[in-house]
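Below you'll find the structure, written out as structure tokens, and then a few comments.
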Ligand code: RIB
């Protein structure tokens, strides 16, 4: 079983700041680092580091081959990634002293897909393979359709949330992973428990995961609810923690872990990731995650 991850590849420009810049304020940063990121790339790297066979479907600007090389070095199959003229996707990320972030995205090459490209990239997918998606590329609806035609399982992390997500056939998702903001948007309520109940009713055959940041995560499936507390850690940078969680959770299911164990391992992986700066640089290996098991 393999994951085809149709997802963004971003160049992350990470500025360390004393606080997130306020409207009308000009703020000097303490440092600037340029690293590989993008929710898609981060999740592919997390899957690969968790030991999963993952092929990335994406696009990157010709001048940013170093980023593609880093994904390959992490173990991601890059046969579905095309180098294109024009800019890669990029993200301008502020990280404050508490490790909190704020992100501006530019879609670039991540927004240049069409149905033909996706059909070609998914032509090698077999029934039972997974299609994983986030919401940083265009033509997500087309990818849903192709995945169903090819009898793939679908995992979706609708981040960042947009109005268009509500029009997607989310009941087709085998796994839907949302944070509190995304859940509130989809369910139209700010109460996380209520949101989970509404979404569980709306998508009865979907494993629904609600990530709660420093409070852990909840899983709703077949009428059962499983919760997992976050592991307390010293936070350096939360960027990419959600992506680490997604990759490790899906990997856990694919590796035959019980839902509770997959959730628990994903929480430990996400906790480790926030102790290191940067998106992909912070994603731990399976050995690192396993070494925290008895902490
Ligand atoms: O989830 C973190 C990611 O969001 C960053 O790597 C950035 O590229 C944005 O896509």
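The values are calculated or read from the model by the stated rules, or taken from the named source; none is laboratory data. Given the structure is predicted, the values throughout are model-derived calculations rather than measurements. With ideal geometry, Cβ positions are generated from the backbone for all residues, glycine too; neighbour counts draw on all protein chains shown.
Each row is one residue, and each column tells you yes or no for (1) within 14 Å of the ligand (Cβ to nearest atom); (2) surrounded by 20 or more Cβ atoms within 10 Å (Cβ to Cβ).
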position: 1; (1), (2): no, no
position: 6; (1), (2): no, yes
position: 24; (1), (2): no, no
position: 34; (1), (2): yes, no
position: 64; (1), (2): yes, yes
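In the set 17, 54, only one residue is in contact (Cβ under 8 Å) with a residue 40 or more places away in the chain, touching a strand residue (DSSP E or B) at 6+ places or on another chain (Cβ under 7 Å), more than 12 Å from the ligand (Cβ to nearest atom) and over 29 Å from residue 147 (Cα atoms); that residue is 17. With respect to being surrounded by 13 or more Cβ atoms within 10 Å (Cβ to Cβ) and either within 16 Å of the ligand (Cβ to nearest atom) or under 27 Å from residue 263 (Cα atoms) (or both), residue 126 falls outside the description. Checked against (1) in a loop (DSSP other than H, G, I, E, B); (2) away from the ligand (no atom under 16 Å from the Cβ); (3) in contact with a strand residue (DSSP E or B) (Cβ under 6 Å, 6 or more places away or on another chain), residue 233 meets all criteria but (3). Within the set 29, 44, the sole residue that is touching a residue at least 40 places away in the same chain (Cβ under 8 Å) and within 16 Å of the ligand (Cβ to nearest atom) turns out to be 44. Restricting the first member to the stretch 129-150 and to residues that are on the phi > 0 side of the Ramachandran plot and at pLDDT 95 or above, and the second to residues that are assigned to a loop (DSSP other than H, G, I, E, B) and buried (at least 18 other Cβ atoms within 10 Å of the Cβ), the beta-carbon pairs closer than 8 Å and six or more apart or on different chains are 139/113. Against the list (1) away from the ligand (no atom under 16 Å from the Cβ); (2) within 25 Å of residue 94 (Cα to Cα), the condition residue 261 fails is (2). Out of curiosity, is residue 239 surrounded by 21 or more Cβ atoms within 10 Å (Cβ to Cβ) and on the phi < 0 side of the Ramachandran plot? The answer is yes for residue 239. Residues considered: 230, 277. Of these, the only one that is out of contact with any helix residue (DSSP H, G or I) (no Cβ under 8 Å at 6 or more places or on another chain), surrounded by 15 or more Cβ atoms within 10 Å (Cβ to Cβ) and farther than 19 Å from residue 47 by Cβ is 277. The set of residues in the stretch 114-124 being part of a loop (DSSP other than H, G, I, E, B) and either touching a strand residue (DSSP E or B) at 6+ places or on another chain (Cβ under 9 Å) or free of Cβ contacts under 8 Å to residues at least 24 places away in the same chain (or both) consists of 122, 123, 124. Out of 223, 216, 252, one residue alone is free of Cβ contacts under 8 Å to residues at least 24 places away in the same chain, more than 16 Å from the ligand (Cβ to nearest atom) and surrounded by fewer than 23 Cβ atoms within 10 Å (Cβ to Cβ). It is 223.
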